[in-house]
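The values are calculated or read from the model by the stated rules, or taken from the named source; none is laboratory data. Predicted model only: the values in this text are computed from it and were never measured. Cβ coordinates were reconstructed from backbone atoms using ideal geometry, including for glycine residues, and neighbour counts include every protein chain displayed. When the accessible area is computed, the model is the full protein with side chains, heavy atoms only, and any ligands, DNA or RNA have been set aside. Shrake-Rupley method; radii C 1.70, N 1.55, O 1.52, S 1.80 Å.
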Amino acid sequence: MTLTMTNFLAVERALRTAAPHDLLHAVRAALMAHYDALAVDLLMADYSLSVLQQVTALPHTAEPLPVQTTPEGRAFGSQEPYGQYSAQNNALDLHLPVTVRGDRLGILTVRMPEHLCTRETVAELTDLAELLGHEIVVAERDTDLYLQARRASRLTLAAEMQWQLLPGRACARPEYAIGAQLEPAYDIHGDNFDWSTTAETLTMTVTNGMGEGIQASLLTNLAVNALRNARRAGIGIEDQAALADQAVYGQYRGREYVSTLLLSLELATGRGQVVDAGSPQLWRYRDGSVEKVEFEAQFPLGMFEESHYAAQAFDALPGDRLVFVSDGVYGAAGEGGETYSARALARAIHATALLPAAAVPRAILQELAAYRDAAAEDDALVTCLDWFGRTPTA
C-alpha cells in the first residue's frame, strides 16, 4: 500500500470513528497529521444558498461569506476545487466542495504548503471532502451543530417543519439531476417537494398546502407523509394520490386541501405518468424552446371525499429540462399588482439554460424576487429536473 493511500485511509478512519459533533475537529487533526495541513475550516451553505457560514459552537461570531463574491463561493458554485494563495507561510487555501450525491452542503477549506499541493493530493482532499459530507448527513441524526451553522437568521417554526420534511435540495444520478429551493427560506409555510428513486424509477412530488404558518405546514406534513406511506407500499401514483386524498379529507373534511403534482418516470426509457391534482405547474425546456406542459386538472388532495385520480402518460427525452413551480412563482404579484406572466417565467427558464440543475431554482427565484412586491407573503417553490436518460449497455 502506498504512503498516500495510507494517509487517505487514516483520515477516512478518523472521520468514521469521530463523534457526530466532532467531525471538524477529527478531520482537522487528521489532515494536519497525515497531509501537513496548516489549517482546516468547514463552511455550511445557509438555507437560502446565499452565504457560507463557519461551523462553530453557538453563538456564531464569524462573518458569513457571500456565495456570489468570494473564492469559497466560487468553489461552491462551480463544484470544483479552487485554490487561493494565502499571505501566510507560502501556503495555498484549497476550497473543496462538500457534496453528497449532488446535494451541495458547503465547503471544506484546507490551508496547505504550496509545494505539497500536487494534483494527486488535491484529488485525495477533494474525495475526503465528499466523504466528510456523507458523515455530516449521518451525524445530523444525532447533533444540531451542522443545522445550526446553516442559519443566517432564525427559522420560523413552520419553516423548521418544512425543511425537516425535505429529502435534500439536490440529487444526482447518471440518468438525471435534480435541484430544488423554497423561498422565503426562513419563513416558508405550505410549499414542499419530495423525490424517491429505485433501480428502475424516479418519483417526484410538488406540494402546496393552503393557508399560512404552522397550519399550512401541518397540512402539508400530513399530505407528504401520506404520499410517502402509499409510495412505500409499492403502489402507483394514481393510488398514492387517492390514499393521500383520503388522509387529508379524513382530517380536515374538505375545509383545507393540498395541491399536488405527482410524476413517475422509468429510468430506462423516460416513459412515465403524471397526476395533476391542483396548482403546481410543469414547464419544459427542450431544444432551445420553453413551453408549459398542460395536463388534465383534477381535484386537490382532500377537497372532496374519495376522489378518484387518473394518471396521464408523459415522456421525457434525453436533454429535457423540467421545471416545476408553485403558484407563489407564476401567481406572484408585482408592485403594480400585475402577476408574474408566463412570458416572464419562460424567459427566466431560458436564461438559466446553461446552469446545472442544482443552481437553477435559486436563479429563477432571484429573478422573481426582483419582480414581486416586497410585501408578498406567499411561498415560492422551484424544482428543476434535468433528464439525461440511461445509456444502453453493450
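Some points to look at:
- Helices (runs of 4 or more DSSP H) enclosed by region 1-101 - at least 1 residues per element that are in contact with a strand residue (DSSP E or B) (Cβ under 9 Å, 6 or more places away or on another chain) and under 16 Å from Gln148 (Cα atoms): 23-35
- Being surrounded by fewer than 16 Cβ atoms within 10 Å (Cβ to Cβ), more than 23 Å from the chain's Cα centre (by Cα) and among the hydroxyl-bearing types (Ser, Thr, Tyr) is a property that Tyr85 has.
One line per residue, one yes/no per condition, for (1) polar (S, T, N, Q); (2) touching a residue at least 60 places away in the same chain (Cβ under 8 Å); (3) open to solvent by 20 Å² or more (accessible area, probe 1.4 Å); (4) farther than 23 Å from Gly102 by Cα:
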{"site": "Glu266", "(1), (2), (3), (4)": "no, yes, yes, no"}
{"site": "Leu317", "(1), (2), (3), (4)": "no, yes, yes, no"}
{"site": "Arg321", "(1), (2), (3), (4)": "no, yes, no, no"}
{"site": "Leu355", "(1), (2), (3), (4)": "no, no, yes, no"}
{"site": "Ala359", "(1), (2), (3), (4)": "no, yes, yes, no"}
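- Within region 147-164, the set of residues being of a type outside the set (S, T, N, Q) and either in contact with a strand residue (DSSP E or B) (Cβ under 6 Å, 6 or more places away or on another chain) or assigned to a loop (DSSP other than H, G, I, E, B) (or both) comprises Ala149, Arg150, Arg151, Ala152, Arg154, Leu155.
- Selection of region 96-144 for residues being over 21 Å from the mean Cα position of the chain (by Cα), aliphatic (A, V, I, L, M) and surrounded by fewer than 19 Cβ atoms within 10 Å (Cβ to Cβ) yields Leu116, Val122, Ala123.
Listed here are the residues, each with its yes/no results for (1) open to solvent by 20 Å² or more (accessible area, probe 1.4 Å); (2) closer than 20 Å to Phe299 by Cβ.
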position	(1), (2)
Asp187	yes, no
Glu212	yes, no
Ala216	no, yes
Leu219	no, yes
Leu227	no, yes
Gly234	yes, no
Asp239	yes, yes
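- Pick from region 171-185, criterion outside any strand (DSSP E or B) and at pLDDT 95 or above, ranking: nearest to Ser279 (Cα to Cα): Glu175
- Region 291-307, residues that are crowded, with 20+ Cβ neighbours inside 10 Å and either under 20 Å from Phe388 (Cβ atoms) or touching a Ser or Thr at 6+ places or on another chain (Cβ under 6 Å) (or both): Pro300, Leu301
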